[in-house]
1. For segment 15-55, enumerate the residues that are free of Cβ contacts under 8 Å to residues at least 24 places away in the same chain, touching a strand residue (DSSP E or B) at 6+ places or on another chain (Cβ under 6 Å) and farther than 20 Å from residue 1 by Cβ.
2. Taking segment 7-23 on its own, how many of its residues are more than 22 Å from residue 48 (Cβ to Cβ) and surrounded by 11 or more Cβ atoms within 10 Å (Cβ to Cβ)?
């Protein structure tokens with residue numbers, strides 16, 4: 001089945017949805033918008049949207065660049081890429097296990113690349 005995206009909803013693609021089986025986290029603001037999550041739920045009814053993450057750092061223009069599932073109950077992510085409400089949403093759902101590892105990696109990564 002092919003469904004046309006409504007013109008008032010902007011969803012760039014699956015870089016703004018991170019999934020593990022039927023569980024998903026949706027990214028928005030750079031570039032997708034909030035209603036895109038509801039549209040995805042309409043076309044994939046079994047999709048369980050755990051939370052939506054507002055991306056505030058335009059270096060991470062897709063959710064998948066700053067967050068990923070390790071397993072069904074654990075994500076690894078880069079906190080400065082998101083607003084504080086989004087980070088609080090992850091904490092509320094007890095999905096965070098590897099925040100500090102990513103912060104440490106991001107601090108040394110420019111040195112490795114250089």
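1. Hit for segment 15-55 is 34, nothing else.
2. Total meeting the criteria: 1.
Each reported figure results from applying straightforward, stated rules to the coordinates on display, with no laboratory input. None of these values were measured; they are calculated from a predicted model. Quick reminder, even Gly has a Cβ in these numbers, built from the backbone with ideal geometry, and neighbours come from all protein chains shown.
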